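**Student:** My structure is below; once you've seen it, I'll send some questions.
The values are calculated or read from the model by the stated rules, or taken from the named source; none is laboratory data. All values derive from a computational prediction rather than experimental measurement. Virtual Cβ from ideal backbone geometry, glycine too; neighbours counted across all protein chains shown. Accessible surface is based on the protein model in full, side chains and every heavy atom, while ligands, DNA and RNA are left aside. Shrake-Rupley method; radii C 1.70, N 1.55, O 1.52, S 1.80 Å.
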Amino acid sequence: AGIYLLVRIDFMLVPEVTLLIALLGAVMALYAGFCALTQCDVKKVLAYSTLSQLGYMAATAGLGMSGLAMFHLATHAFFKALLFLGAGSVIMACHHQQDIFQMGGLAKRMPWTARAFLLGVLAICGVTFTAGFFSKDAMLVAAYDTNLPVFVMLLAGALLTAFYMGRLHWLIFHGVARSKPAEVAKENEPVVVVPLLLLAL
């Protein structure tokens, strides 16, 4: 809602204000990424990740690219919904365990959730030909052409996103089970899995 409001009132803002918004958005994208890196709760990792992506949108809107900000808002809605629903599927399967350090090895027991979640991770990291690539890459190019300090912070945030999201996927789905709930976890019913696959698509 905040990004939408920012886009709607951009014609009222003077250049000094939009520059401040761009810088604050870039700082938020980076800072929230570091916060996500320190969390143990799978939902908290994704929540801070959302704040980081909102920082990208605010920075892009501040640089005068409101259309790109709204484009990323739309693509982000889909892959973040996928990630949060995937986290819910994992939490249900692990008997409400949310600590990522108490998971592990779930890809063998939850193959559909693991694959769908991986697509969400690839999208938020901006991997080529995913939805996130088209919006995130465009925002980085716009920042590079407009404001170098903002670009540097957004690029660092993008690299950080790839690191903590890859780490999240690895800790949940790979390696060995690190708790009893993770050892006995199994794939959820179609009512949980089918929406994940639709969002992954």
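**Student:** I need every pair where a residue in segment 28-44 that is within 20 Å of ALA58 (Cβ to Cβ) and hydroxyl-bearing (Ser, Thr, Tyr) has its Cβ under 9 Å from the Cβ of a residue that is open to solvent by 40 Å² or more (accessible area, probe 1.4 Å) and part of a helix (DSSP H, G or I), sequence separation at least 6 or different chains.
**Tutor:** These pairs meet every condition: TYR31/LEU51.
**Student:** How many residues are over 18 Å from ALA142 (Cα atoms), of a type in the set (Ser, Thr, Tyr) and either in a helix (DSSP H, G or I) or open to solvent by less than 20 Å² (accessible area, probe 1.4 Å) (or both) when one looks only at segment 1-59?
**Tutor:** 5
**Student:** Among the residues of segment 49-67, is there at least one that is within 30 Å of ALA182 (Cβ to Cβ) and without any contact (Cβ under 8 Å) to a residue 12 or more places away in the chain?
**Tutor:** Scanning segment 49-67, I find no residue that is within 30 Å of ALA182 (Cβ to Cβ) and without any contact (Cβ under 8 Å) to a residue 12 or more places away in the chain, so the answer is no.
**Student:** Follow-up question, since we're still on this one. Restricting attention to segment 185-201, which residues are out of contact with any Leu (no Cβ under 7 Å at 6 or more places or on another chain), more than 24 Å from ALA131 (Cα to Cα) and either in a loop (DSSP other than H, G, I, E, B) or modelled with pLDDT under 90 (or both)?
**Tutor:** Across segment 185-201, the qualifying residues are LYS186, GLU187, ASN188, GLU189.
**Student:** Still on this structure, I have one more. Any residue that is of a type in the set (Gly, Ala, Ser) and under 20 Å from THR161 (Cβ atoms) - is there at least one of those in segment 96-110?
**Tutor:** Within segment 96-110, none of the residues are of a type in the set (Gly, Ala, Ser) and under 20 Å from THR161 (Cβ atoms).
**Student:** Still on this model: Give just the number: which of (1) modelled with pLDDT under 95; (2) closer than 20 Å to SER179 by Cβ; (3) open to solvent by less than 70 Å² (accessible area, probe 1.4 Å) does HIS95 not satisfy?
**Tutor:** Here HIS95 clears every test but (3).
**Student:** Here is a further query. May I ask you to list pairs of residues, at least six apart or on different chains, whose Cβ atoms are under 8 Å apart, with the first in segment 164-184 being closer than 30 Å to ALA29 by Cα and open to solvent by 50 Å² or more (accessible area, probe 1.4 Å) and the second being at pLDDT below 95 and in a helix (DSSP H, G or I)?
**Tutor:** As it stands, the answer is ARG167/LEU37; HIS174/ALA107, since those pairs meet every condition given.
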